[in-house]
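Here the structure is laid out as structure tokens; the discussion comes afterwards.
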Amino acid sequence: QECSKKQKNDDTQSTSVDALSSNDGVEEKNEFHTLANAKILLSDCLACDNCMTSEEGARVFQQNQKELFRILNLNKKCDTSKHKVLAVSVCPQSLPYFAAKFNLSVNDAAKRLCGFLKSLGVHYVFDTTIAADFSILESQREFVQRYHRRNQEEHALPMFASACPGWIRYAERVLTNLVTSHICTAKSPQQIMGSLVKGYFARQQNLSPDKIFHVIVAPCYDKKLEALREDFYTALYNSQEVDCVLTSGEIVQIMEQKNVSMKDVTAVAVDSLFDEMKEGDVVRHDGKRSDGYLEHIFKHAAKELFGMDVKEITYKALKNKDFQEVTLEKDGETVLRFAAAYGFRNIQNMVLKLKKGKFLYHFVEVLACPGGCLNGKGQAQTEDGKPDKALLNQMEEVYAAIPVRLPETNMHVQKMYQDWLEGMDSKKAQETLHTKYNVVNQTASNLDIKW
């Protein structure tokens, strides 16, 4: 079985999702009618025609700039009963793209992006770092729990990170329960942000969740697929936690359509989920190219399980720079062995070792994109679909220079655990911050895929 992920971005192999769309009717003419249809090439993201249905293709196609402007135009009409509160949440890995592309500091880029979105008619612009705080804290706790159960439960360890929707979709559609049972149940930062906006923030604003239209700005196309998951849908309000995902590149397309440069936009402070507060300077988590699950969980586990304070982590590159390991030694014995596996060749090798019973790692941070989230194909590509290495290098420098804030030190998170989630161990916290991953549709010969 030949995996379509190895194909290049050319016309013969890159079937676009818009071909699957059933929404071919006459577009309503408005001030934004010049926007081109968003074409998402299936070879750009994880989803290939082997694991993506026509219905999913049509729904992904609807997550484009025109959907954003449909809501903006709806809000300009007189019938206030149909108005939506438009909230946009920006991923931390998208900000370095805007900073590098427009030669701005990351703090300036965040404020100017906020100013641009609000000039369109967006009501609130949030930073998703707080959602990653929750995701990391829940992942840390789950790893320690799994470690304690490792001798009683066959699938307790290793634990795989759950933040990357490309990896999750591959695991559910191609791999077996042998693999999915090892995936951490903590929701990704995107979907926790969905719960925060449609749950906590909606309650603060006395709004029904279906009255909020929630957009995520993200570095990759796979997050559009993640937003469609059935477990992130509230039937009572007929509402998804995330209504639309736009890539960083799609936001730049809107700027180009409107002949606007980020440097010309008025800087506006990013909103906070809490009352009338505004966000301060941009912060990030440990990890040079990701949300830092490996580093945070490693340091937490070293302290909780072995009483060791780890200040600096040393990565050891193995087969390539996208497969690295970190170990903890105590009394001459290796007590923790973690790995970072980025890109599908490394993921496939990891899965083969797991199935052969030769897996040594306790935790693996798994990301579908080689180079990590900054290299998402929604922002780090040239016009001909090739990686923009110079821009990516700039983005990595920008990201590495952002100050690190430990999720444990975020007082808003601690307060929300008590006031909104009724405690860290409550049923509400479990239901709000966790999900389940199961095999959806296995292919016949998983181990025969050629990478």
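The values are calculated or read from the model by the stated rules, or taken from the named source; none is laboratory data. This is a predicted model, so every value here is computed, not measured. All Cβ positions, glycine included, derive from the backbone under ideal geometry; neighbour counts span all protein chains shown. What goes into the accessible areas is simple: the full protein's heavy atoms, side chains included, and nothing from ligands, DNA or RNA. Shrake-Rupley method; radii C 1.70, N 1.55, O 1.52, S 1.80 Å.
Restricting attention to the range 268-289, does a residue exist that is at pLDDT below 90 and assigned to a helix (DSSP H, G or I)?
Among the residues of the range 268-289, not one is at pLDDT below 90 and assigned to a helix (DSSP H, G or I), which makes the answer no.
What pairs can you find where one residue is in the range 302-323 and free of Cβ contacts under 8 Å to residues at least 40 places away in the same chain, the other is open to solvent by 40 Å² or more (accessible area, probe 1.4 Å) and in a loop (DSSP other than H, G, I, E, B), and their Cβ atoms are less than 6 Å apart, with a gap of 6+ or different chains?
Taking only residues 6 or more apart or on different chains, the pairs are 302/308.
Is it true that residue 347 is in a loop (DSSP other than H, G, I, E, B), open to solvent by less than 40 Å² (accessible area, probe 1.4 Å) and over 21 Å from residue 130 (Cα atoms)?
On the way: in a loop (DSSP other than H, G, I, E, B): no; open to solvent by less than 40 Å² (accessible area, probe 1.4 Å): yes; over 21 Å from residue 130 (Cα atoms): yes.
Taking the combined requirement at face value, the residue does not satisfy it.
Taking the condition within 28 Å of residue 107 (Cβ to Cβ), without any contact (Cβ under 8 Å) to a residue 12 or more places away in the chain and surrounded by fewer than 22 Cβ atoms within 10 Å (Cβ to Cβ), does residue 263 pass?
Values: within 28 Å of residue 107 (Cβ to Cβ): yes; without any contact (Cβ under 8 Å) to a residue 12 or more places away in the chain: no; surrounded by fewer than 22 Cβ atoms within 10 Å (Cβ to Cβ): yes.
Answer is no for this residue.
How many of the residues in the range 314-331 are assigned to a loop (DSSP other than H, G, I, E, B) and either open to solvent by 60 Å² or more (accessible area, probe 1.4 Å) or of a type in the set (Lys, Arg) (or both)?
Residues of the range 314-331 that are assigned to a loop (DSSP other than H, G, I, E, B), as a first pass: 314-315, 321-322, 331.
Retained after the next criterion (residues that are either open to solvent by 60 Å² or more (accessible area, probe 1.4 Å) or of a type in the set (Lys, Arg) (or both)): 314-315, 321, 331.
The qualifying residues number 4.
Before we move on, is residue 202 crowded, with 23+ Cβ neighbours inside 10 Å and assigned to a helix (DSSP H, G or I)? Working first, answer last.
Values: crowded, with 23+ Cβ neighbours inside 10 Å: no; assigned to a helix (DSSP H, G or I): yes.
Spelling it out, it is not the case that residue 202 is crowded, with 23+ Cβ neighbours inside 10 Å and assigned to a helix (DSSP H, G or I).
How many residues are in contact with a strand residue (DSSP E or B) (Cβ under 7 Å, 6 or more places away or on another chain) and either among the polar types (S, T, N, Q) or open to solvent by 60 Å² or more (accessible area, probe 1.4 Å) (or both) if we restrict to the range 377-433?
4
Within the range 292-313, can one find any residue that is under 21 Å from residue 187 (Cα atoms), open to solvent by 40 Å² or more (accessible area, probe 1.4 Å) and outside the structural domain of residue 195 (by the TED database)?
yes
Among the listed residues 394, 379, identify the single one that is part of a helix (DSSP H, G or I) and assigned by the TED database to the domain that holds residue 301. Give the derivation first.
Working: 379 fails: part of a helix (DSSP H, G or I).
Of 394, 379, the one residue that is part of a helix (DSSP H, G or I) and assigned by the TED database to the domain that holds residue 301 is 394.
Only one of these is within 15 Å of residue 272 (Cα to Cα) and either assigned by the TED database to the domain that holds residue 397 or not hydroxyl-bearing (Ser, Thr, Tyr) (or both): 90, 106. Name it. Walk me through how you get there before you give the answer.
Details: 106 fails: within 15 Å of residue 272 (Cα to Cα).
Going through 90, 106 in turn, just one is within 15 Å of residue 272 (Cα to Cα) and either assigned by the TED database to the domain that holds residue 397 or not hydroxyl-bearing (Ser, Thr, Tyr) (or both): 90.
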